[in-house]
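Take a look at the structure set out below.
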Amino acid sequence: SQQGEEDPQALSIQEGENATMNCSYKTSINNLQWYRQNSGRGLVHLILIRSNEREKHSGRLRVTLDTSKKSSSLLITASRAADTASYFCATDTGGSEKLVFGKGTKLTVNP
Amino acid sequence: DGGITQSPKYLFRKEGQNVTLSCEQNLNHDAMYWYRQDPGQGLRLIYYSQIVNDFQKGDIAEGYSVSREKKESFPLTVTSAQKNPTAFYLCASSWGQGLPEAFFGQGTRLTVV
């Protein structure tokens, strides 16, 4: 079963706008990560947030984590056409290295 | 260059054949993973390994087998028991031990002909 569920499934915006994607998960986690995938390629790690953190920034990325709601959001500010990709959240839980991904959000940034 | 390499990039299999997908990493990572991705879908975990000579089933292990005889290698065999093997297969590795950032290979696209 997939731990994370991203929302929306697809998002289309104009260059310069902000993009927000959400991830909900089912069980307690150690860490939550966000990855990006360009079509037909492997995934690239973007950012990791630990269960005791609430917010994290990296360049134009901002991630929040609400463990009480079992949810996270990824905000990409001032989007660019090159941000067009699928974005996935991934979670790991205590006791093992099992890393489980959600179904992803497909982001299209129109020039 | 350090990284994770999957081969081949494209693979064609006849029905009833077993095929093995290669995954090699020179990052000295302890943990390795195999995922399956179907068109427009997320990643589903097939198998993962936390250390050499040990591996665990993921969510969709039926019809697949793995080995972890060396730290740097984690080959995946798609057996004839896997009834719908056409998919994009991704291998990944991580340090594990509280450092879960995963590095991915470029994938192998398997097609049954």
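Looking at the protein assembly as shown, what % of its DSSP beta bridges pair antiparallel, to the nearest 5? Present the calculation step by step, with values, prior to reporting the outcome.
On the way: 72 of 81 bridges.
Percentage antiparallel, nearest 5: 90.
Treating only the Cβ atoms of Lys and Arg (+1) and Asp and Glu (-1) as charged, compute the dipole magnitude of the protein assembly as shown about its Cα centre; round to the nearest 20 debye.
Working: 25 positive and 22 negative charges, 58 e Å.
Charge dipole of the protein assembly as shown: 280 debye, to the nearest 20.
What does the charge count near A:Ser58 come to, summing +1 for each Lys or Arg and -1 for each Asp or Glu among other residues with Cβ under 13 Å from its Cβ? Intermediate values should be presented prior to the final figure.
Numbers: positive: A:Arg36, A:Lys56, A:Arg60, A:Arg62; negative: A:Glu53, A:Glu55, B:Glu101.
It works out to a net charge of +1.
With a Cα-only, solvent-free Debye model of chain B, what are the log10 I(q)/I(0) values at q = 0.24 Å⁻¹?
-1.45
Mind scanning A:Lys70/B:Lys83; A:Lys103/B:Lys70; B:Lys57/B:Lys83 and naming the pairs with a C-alpha gap bigger than 29 Å?
Values: A:Lys70/B:Lys83 35 Å; A:Lys103/B:Lys70 31 Å; B:Lys57/B:Lys83 18 Å.
Over 29 Å apart, Cα to Cα: A:Lys70/B:Lys83; A:Lys103/B:Lys70.
Please give me the summed charge of the neighbours of B:Ala102: other residues whose Cβ is under 10 Å from its Cβ, Lys and Arg +1, Asp and Glu -1. All intermediate terms of the calculation are to be shown ahead of the outcome.
Values: positive: none; negative: A:Asp92, A:Glu97, B:Glu101.
Net of charged neighbours comes to -3.
Using alpha carbon centroids, what distance separates region A:67-84 and region B:40-103, in Å?
27
How big, on average over all directions, is the shadow cast by the Cα convex hull of region B:42-90, in nm²? The partial results should precede the final answer.
Working: hull surface 14.4 nm².
Mean shadow area of the hull around the Cα atoms is 3.6 nm².
Got a number for carbon plus sulfur as a percent of chain B's accessible area, 1.4 Å probe? List each step's numbers first, then the result.
Details: 2590 of 5460 Å².
That share works out to 48 percent.
So for region A:5-95, considering every pair of alpha-carbon atoms, how many percent are separated by more than 17 Å? Intermediate values should be presented prior to the final figure.
On the way: 1933 of 4095 pairs.
That tail contains 47 percent of the Cα-Cα pairs.
What is the sum of charges around A:Glu6, taking Lys and Arg as +1, Asp and Glu as -1, for the other residues whose C-beta is under 14 Å from the C-beta of A:Glu6?
Details: positive: A:Lys26, A:Arg36, A:Lys70, A:Lys103, A:Lys106; negative: A:Glu5, A:Asp7.
Residues near A:Glu6 contribute +3 overall.
Each label point is 7 Å from the Cα along the Cα-to-Cβ direction; what then is the distance between the points at B:Ser7 and B:Ser67, in nm?
Taking the simple label geometry, B:Ser7 and B:Ser67 are separated by 1.8 nm.
Mind checking which of A:Glu15, A:Glu53, A:Glu97 has the largest fluctuation in a GNM of chain A, springs on alpha carbons under 10 Å?
A:Glu97
In whole percent, what relative contact order does region A:4-111 give with Cα contacts below 8 Å and a gap of six or more residues? It would help to have the intermediate numbers written out before the result.
Numbers: 271 pairs, mean separation 41.7, N = 108.
It rounds to 39 percent for region A:4-111.
Tally up the carbon and sulfur contribution to the accessible surface of region A:5-95 as a whole percent, 1.4 Å probe, everything protein left in place.
C and S atoms contribute 44 percent here.
Tell me: how much accessible area in total is hidden between A and B, 1.4 Å probe, Å², nearest 100?
Values: alone 6120 and 6430 Å², together 10620 Å².
So the buried area, both faces added, is about 1900 Å².
Any idea of the accessible area per residue across the protein assembly as shown, 1.4 Å probe, to the nearest Å²?
Values: 10620 Å² over 224 residues.
About 47 Å² of surface per residue is accessible.
The values are calculated or read from the model by the stated rules, or taken from the named source; none is laboratory data. From a predicted model like this one, the values you see are computed outputs, not experimental measurements. Positions of Cβ are generated from backbone atoms using ideal geometry, with glycine treated the same way; all protein chains shown enter the neighbour counts. Heavy atoms of the whole protein, side chains included, go into the accessibility calculation; ligands, DNA and RNA do not. Shrake-Rupley method; radii C 1.70, N 1.55, O 1.52, S 1.80 Å.
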